[in-house]
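Some notes on the structure that comes next.
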Amino acid sequence: MKRHARFATAAVGVAALATVAGCSSGSSNTPTASAVPTLTGDCAQYQAYAGHSGSTVTMFGSILSPESDSLNKSWADFQKCTGITIQYTGSNTFESDLPVKVNGGNAPNLAIIPQPGLLQQMVATGTVKKPPAGTVANEANWNDAWKGYGSVDGTFYAAPMSANMKTLVWYSPKYFADNGFKVPTTWAEMMTLSAQMASKMTGPAKPWCGGIGSGTASGWPATDWLEEVVLGTYGGQVYDDWISHKVKFSDPQIQTAMQTVASWLQNPAWVNGGYGNVATIATTTFQDAGLPILKNECGMLQQASFYEAQWPKGTKVGPDGDVFAFKLPAVDPSITNPVEGGGEFVTAFADDPATQAVQNYLSSPQWADSRIKVAPGWVSANEKVDQTLYTDPIDQLSAKYLADPTATFRFDASDAMPAAVGSGAEWKAMVDWFGSGKSIKDVAAEIDAAWPTS
Amino acid sequence: MTTAYVALASSTLGQAASTLFGVVEAVGGFIAILLIVFFVAGRVTGRLQRPIAIVICLGPALFLVTLGLIIPAITTINNSLRNQQFLGQLKTKYIGFKNYTYAFTDPYTQQTIIRTVLWLLIVPAMAVFVGLLVALLVDRMRYASIPKTMVFLPTAISFVGASVIWSYVYNYKAPSLPQTGLLSQVVMKLGWSNPPNWLITVPLNTFLEMIIMIWIQAGFAMVILGAALKGIPDEIIESARLDGASGIKLFRTVQIPMIRTTLVVVVTTVMITTLKVFDIVFTINNGNFSTDVLARQMYADMFVTNQVSRGSALAVILFLAVTPLIYYNVRTLRREREIR
């Protein structure tokens, strides 16, 4: 969720401003043509979306420049051929802005919502429109789990857009090769490797590093750690019941999972590489967490695919580069291919034909292909996407697991839990757990107590 | 690719231009309406003149107060009695005072309230103490303006800025590494070889955060109290000295009673600021590690975790807590005006 780069303030030329100041932009949808025109040549592929030339579709999301520039480029041809203008606005306080906009009767036509929990809230306001048939048909190209996260109470509302892979461990292939370490393929191997590393390392160097500081969202990386372990130990069913609070944090299963996390990332002999003791995990920012890997002061970092953007310029990412990632193995080998991820959902607050045309286009594999071609660092979980288009090694790795129909895919649990827990109590409790060494029992009790009752 | 760029740039420009245009339009329109109203009012004579003048003078203020203060207050109180979980939620219902019961029974919120009370007691007392001390000490000094400026400067710094500065002072690094935090370095030089990680050590961190507030508020207290001290007529001090009062006795029995009203105003003003403290706690560590206070928890409930009704209840509690202070403040000022 926290992958979007900070807002790059657009420098506005005064002269240019003067020239466009005259025309104020009307953003209403004005479908004009009654007869659908026939698109030819390169535009023929957009025939299905034709007939709404001159309409404007407003879109609101948390994606900021430069990633939003890539989005705009990805649908440039679509706009040119169909005559539909997509007006995208990004905000770094999207999660609190959207409810205010919707509540104030100022909802965008489409919103790109990164949390299923927020989607549920929006549906509960009665303003979300059901998707058109084309989008519903396209949905079949995703793993069933994705459809579930885009649905509320069994009704499908929003098709997924991008996806990111959280079940990754970053490491330095060079450092591994120099010391004869092997990339682990099972949890047991990973634990053995950690112990082996710890005995070899000196000074501030430790096998693992971590950081959960992230401003108002401090704590979220630790929720991911717990989620990985819950999913990798018990599989999808327990994970789902955990999200719906049928399985509480105080449940013995979740308690055991927390023990596993504690013996892994709260082990004083194993963390916090390059930074100091266990408590420094609570105060280190997630952006800084993995940097000691480059100095050989940290062996491994569990963090999502979007961490790729944090490596300094010039860092070579790849199987034989400075850093690369391997898939975090399942705690219990009998759980097949657990994959935790995140993503966004295209939610409609309008049901005019132009908005629905955009919705249909964005849920199609054609659009995903077009976006992949624009710039790396973007992955779709759409199984119809041409896998050969990915150029970046991390994208390739993520896509391989995200679009794998056999994977046990689950969405980031804290994003699917009610905000009071998923963006509140759980974050706070994780910070306390790592920072002040609160007991597992107390941490769980604190989170359970915050679960909304009515 | 270039065309896409151009299209993108022009759409961003278009948005910026229309926003700017909108702002100019709104401000211009507002001024135009005011001018027309004033013009019309100026022409009215006779029986209607007085009532129209009253309406025109009071109208805008009343309108804005209603729009910006009274309506939100009513909405907030209304929300605090419902079970609304997020903005725009349908089918919410009244649940009486449950949110208030929750606020006073939930262990986390209880701690928040206790901590806010601690802030309320310690910060104004310390700020006034430090301010008064400096005012007295430098009163007759030769270069009094230098220490006074030094103490007053922090008042001009925003809370967020001050918090960032102090978070560097409190920065923690493992003792074996080169230190970047001033506090750690100082105490290590003094022989404490293994200082704690200041900002995550409970309850020390709360007090360290209070110091930031005291640092900001002491200058304000010093200036106002210093002026009040200077305002005491010299004859009174002289006759007190002739009667044998000096030092602490003079201070306690003559100076303090003479500046009592000013003291009350300063204490209540600092108290109100302290009760609303948000920026410092938010910036230093977002209320984590047992440092949360009422205003920050209210913000988080309202806008981060979307528990609108719970947050509203906290807002009302905060409002009710400030009210007596404001009442007392106004009453003191009014009484003083009567004396004069």
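Every number in this text was worked out from the coordinates using simple rules, so none of it is lab data. From a predicted model like this one, the values you see are computed outputs, not experimental measurements. When we count neighbours, we look across all protein chains shown, and the Cβ atoms used for this are built from the backbone with ideal geometry, even at glycine.
Give the Rg/Rh ratio for region B:265-340, taking Rg as the radius of gyration of the Cα atoms and Rh as the Kirkwood radius, to two decimals.
1.13
Within 10 Å of each Cβ in peptide B:304-312, how many partner chain Cβ atoms are there on average? Round it to a whole number, please.
Counting Cβ atoms of other protein chains within 10 Å of each residue's Cβ and averaging gives 5.
Within 10 Å of each Cβ in peptide B:80-88, how many partner chain Cβ atoms are there on average? Round it to a whole number, please.
That works out to 5 on average.
Taking all pairs of different Cα atoms in region B:109-202, averaging 1/r and flipping that mean, what Kirkwood radius in angstroms comes out?
Radius from the Kirkwood sum: 16.3 Å.
In terms of the ratio Rg/(2.2 N^0.38 Å) built on C-alpha atoms, what value belongs to region A:264-309?
Here the Cα radius of gyration is 1.08 times the empirical estimate.
For region A:119-245, what D do you get in µm² per second when you plug the Kirkwood radius from alpha-carbon pairs into Stokes-Einstein at 10 °C and 1.306 mPa s?
Once the numbers are plugged in, D ends up at 86 µm²/s.
Using the 10 angstrom Cβ neighbour count as an exposure proxy, how do B:Met188, A:Met161, B:Met141 rank, fewest first?
Starting with the residue having the fewest Cβ neighbours, the order is B:Met141, B:Met188, A:Met161.
Give me, ordered by chain and number, the residues 5 or more places off A:Val379 or on other chains with an amide H under 5 Å from its own placed amide H.
Amide H neighbours of A:Val379: A:Ala163.
Mind listing the phi-derived Karplus ³J(HN,Hα) values for region B:214-230, rounded to whole Hz, using 6.51, -1.76 and 1.60 with θ = phi - 60°, and x for any glycine or proline?
4, 4, 6, 7, 4, x, 4, 4, 4, 5, 5, 5, x, 5, 5, 4, 5
What do you get when you divide the Cα radius of gyration of region A:311-446 by 2.2 N^0.38 Å, with N the number of residues?
1.35
Quick one: which residues, 5 or more positions from A:Glu344 or on another chain, have an amide H under 5 Å from its amide H? H modelled 1.01 Å from N in the peptide plane, none for Pro or chain starts.
A:Met161, A:Ser162
Counting partner chain Cβ atoms within 10 Å of every residue's Cβ in A:49-61, what's the average?
Going residue by residue through A:49-61 and averaging, the value is 0.
Work out, in µm²/s and without decimals, the Stokes-Einstein translational diffusion coefficient of region A:304-373 at 20 °C, 1.002 mPa s, Rh from Kirkwood over C-alpha pairs.
132 µm²/s
Debye sum, Cα scatterers, chain A, no solvent: what log₁₀ I/I(0) at q = 0.12 1/Å?
-1.04
Sort A:Tyr157, B:Tyr100 by Cβ crowding within 10 Å, fewest neighbours at the top.
B:Tyr100, A:Tyr157
Across bins of 10 angstrom width beginning at 0, how are the C-alpha pair distances of the protein assembly as shown distributed, in whole percent?
2, 11, 18, 21, 20, 14, 8, 4, 1, 0, 0
Using only the alpha-carbon atoms of region B:98-339 as identical scatterers, what base-10 log of I(q)/I(0) does the Debye formula give at q = 0.11, 0.12, 0.13, 0.14 Å⁻¹?
-0.71, -0.82, -0.92, -1.02
Within chain A, which DSSP H helices have Cα atoms that stretch 18 Å or more along the helix axis and a mean Kyte-Doolittle hydropathy of at least -1.0?
What comes out of the filter, once short or polar helices are dropped, is A:187-200, A:220-234, A:252-265.
Any idea what the dipole of chain B comes to, in debye rounded to 20, about its Cα centre with Lys/Arg Cβ at +1 and Asp/Glu Cβ at -1?
600 debye
Bin by bin, in steps of 5 Å, what percent of the Cα pairs in region B:14-104 do you find, going until the bin that has the longest distance?
In whole percents, the pair-distance histogram is 2, 10, 11, 12, 10, 11, 11, 10, 10, 8, 4, 1.
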